[in-house]
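S.K.: Mind looking over this structure? Questions follow.
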Amino acid sequence: MTAISYGDMGASLRNMRLITQVKQDLDKYSYEVSSGQKQDLGAAVSGDFTPLASIERSLRTLESYDVAIQEANLFATSMQTTFGAISSHVADLSSSLLTSSTNGDATSISVAAQDARTRFDAVVSGLNTRIGDRSLFSGTATSKTALIPAEDMLAELQTAVTGATTAADVETIVDDWFMSAGGGYETLAYQGSDNALSPFSLGENESVRLGITAKDHAIRQTLKGLALASLVDEGVFSSDLNEQASLMRSAGETLMGSQAGMADLQARVGTVEARIEDANLSNSSMTYAFETAKSEIISSDPYKAASLLTQTETQLELVYTLTAHMSRLSLSDYI
């Protein structure tokens, strides 16, 4: 049989092609080992990228829902925290106001009134909470602070009660200012919108609404009770302990009555929080399922890739060894 051999030029080209192919294989397996993904996705999906594109689209949609879920959770949690703080103020203060009105002495009334004034500031500050650049209790007018400062509100009330001669007169004026439609609270104190925040979209056909603003009846009743006691600290009826005691009693009773309304607000937000948590769990579960499906398509077998990488490295070393050996051959070695 006639042997067919390669000339020097042919052997050189053949070695170059072999080295190039081995290097390409080395790059491929190195990439798959380091990234954990297949280098040639076209071959992995047999040229049909439709399923992978569908999975990617679903993951992007779920990611956008996740952002909305986190935002809704932040708003709901902040509302719940604010209502919890307000309820704590109401519970702590209402009994001390009633006690001071019963004692009727100047010291008890003064201490309780100062406490009410401090808590009034804290409650107004809580209702003016902002999440980033968005006001929490201003409805759709998120760029505006929900309420004017506490001191401005009390200044307006002091002007309104000027000329009142009894605690009953003051209570009537303050009640009208806070609770009446078109009263001072709605026209002067509240700076937000009459429209509640738009619903938060948590998923396909799933949304929640946090429709509570600082105009809510329970919030206004709470502020009314705090304001009645704060007016005593501002000097209303400073020379008449009996009328001050009457105002303190009225303030304590108002705050007692507002507790049920605040508890209802907390329950409403709690229901929304539960729905947000359910949506978060569902979104996480779906995201995991799609990421698993995507991984099955694009992920390489780490053990197989590592084994092939080792084989390719050995093959490349062998090719270089043979090439170096052939380059040192000369006719003198055989003469």
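S.K.: Provide the net charge surrounding residue 241, with neighbours chosen by a C-beta distance below 13 Å and charges set as Lys +1, Arg +1, Asp -1, Glu -1. Before the final figure, lay out the partial values.
M.R.: On the way: positive: 249; negative: 105, 240, 243.
Net of charged neighbours comes to -2.
S.K.: Something else now. Taking the solvent-accessible surface of protein heavy atoms with a 1.4 Å probe, what is the per residue accessible area of segment 149-267 in Å²?
M.R.: Working: 5030 Å² over 119 residues.
Ligands and nucleic acids excluded, the result is 42 Å² per residue.
S.K.: If you don't mind, there's one more thing I want to ask. Tell me, what % of the accessible area of segment 54-166 is carbon and sulfur with a 1.4 angstrom probe?
M.R.: On the way: 2540 of 4970 Å².
Here it works out to 51 percent.
S.K.: Leaving out ligands, DNA and RNA, what percent of the accessible area of segment 198-244 is carbon and sulfur, probe 1.4 Å? Mind dumping the intermediate values first?
M.R.: Values: 660 of 1890 Å².
That share works out to 35 percent.
S.K.: Let me ask something else. For a Förster distance of 25 Å, can you work out the FRET efficiency between the beta-carbons of residue 110 and residue 158, rounded to the nearest 0.05? Don't skip to the answer; put the middle values down first.
M.R.: On the way: r = 18 Å, r/R0 = 0.70.
That gives a FRET efficiency of 0.90.
S.K.: Near the amide H of residue 147, under 5 Å away, which other amide H atoms are found, from residues 5 or more places off or on another chain, if H is placed in the peptide plane?
M.R.: Hits under the 5 Å cutoff: 191.
S.K.: What does the charge count near residue 153 come to, summing +1 for each Lys or Arg and -1 for each Asp or Glu among other residues with Cβ under 12 Å from its Cβ?
M.R.: Overall, the nearby charge balance is -2.
S.K.: Please work out how much length the chain gains when fully extended from residue 143 to residue 56, using 0.36 nm per residue of separation minus the C-alpha to C-alpha distance, in nm with one decimal. Show your work: numbers first, answer last.
M.R.: Details: separation 87, 0.36 × 87 = 31.32 nm, distance 3.54 nm.
Gain in length upon complete extension: 27.8 nm.
S.K.: Using θ = phi - 60° and the Karplus relation 6.51 cos²θ - 1.76 cosθ + 1.60, list the HN-Hα couplings for segment 112-124 in order, rounded to whole Hz, with x at every Gly or Pro.
M.R.: 5, 5, 4, 4, 4, 4, 5, 6, 4, 4, 5, 5, 4
S.K.: Under a 5 Å amide H to amide H cut-off, with H placed in plane at 1.01 Å, what residues pair with residue 134 once short-range neighbours are removed?
M.R.: For residue 134, no residues qualify.
S.K.: In addition: Considering only 195, 262, 283, whose Cα is most displaced toward the positive end of the charge dipole of segment 195-291, charges sitting on Cβ of Lys, Arg (+1) and Asp, Glu (-1)?
M.R.: After comparing all options, I get 195.
S.K.: Expressed in nm², what is the orientationally averaged projection area of the convex hull enclosing the Cα positions of segment 212-272? Before the final figure, lay out the partial values.
M.R.: Values: hull surface 17.0 nm².
Orientation-averaged projected area of the Cα hull: 4.2 nm².
S.K.: I'd like the distance between the alpha-carbon centres of segment 52-107 and segment 185-230, rounded to an integer number of Å.
M.R.: Centre-to-centre (Cα) distance: 12 Å.
S.K.: Amide H to amide H under 5 Å from residue 207: which residues, 5+ apart in sequence or cross-chain, H placed 1.01 Å off N in plane?
M.R.: Those qualifying (amide H under 5 Å, at least 5 residues apart or on another chain) are 202.
S.K.: A further question follows. Based solely on C-alpha atoms, express the radius of gyration and the Dmax of segment 52-291 in angstrom.
M.R.: Final numbers for Rg and Dmax: 21.6, 81 Å.
S.K.: Using a basic spin-label model with each label point 7 Å from the Cα along Cα→Cβ, how many nm lie between residue 88 and residue 282?
M.R.: 3.4 nm
The values are calculated or read from the model by the stated rules, or taken from the named source; none is laboratory data. Bear in mind that the values here come from a model prediction, so they are computed numbers and not experimental data. Here the Cβ is made from the backbone with ideal geometry for all residues, glycine too, and neighbour counts use every protein chain on show. We work out accessible area using only protein heavy atoms, side chains counted, and drop any ligands, DNA or RNA first. Shrake-Rupley method; radii C 1.70, N 1.55, O 1.52, S 1.80 Å.
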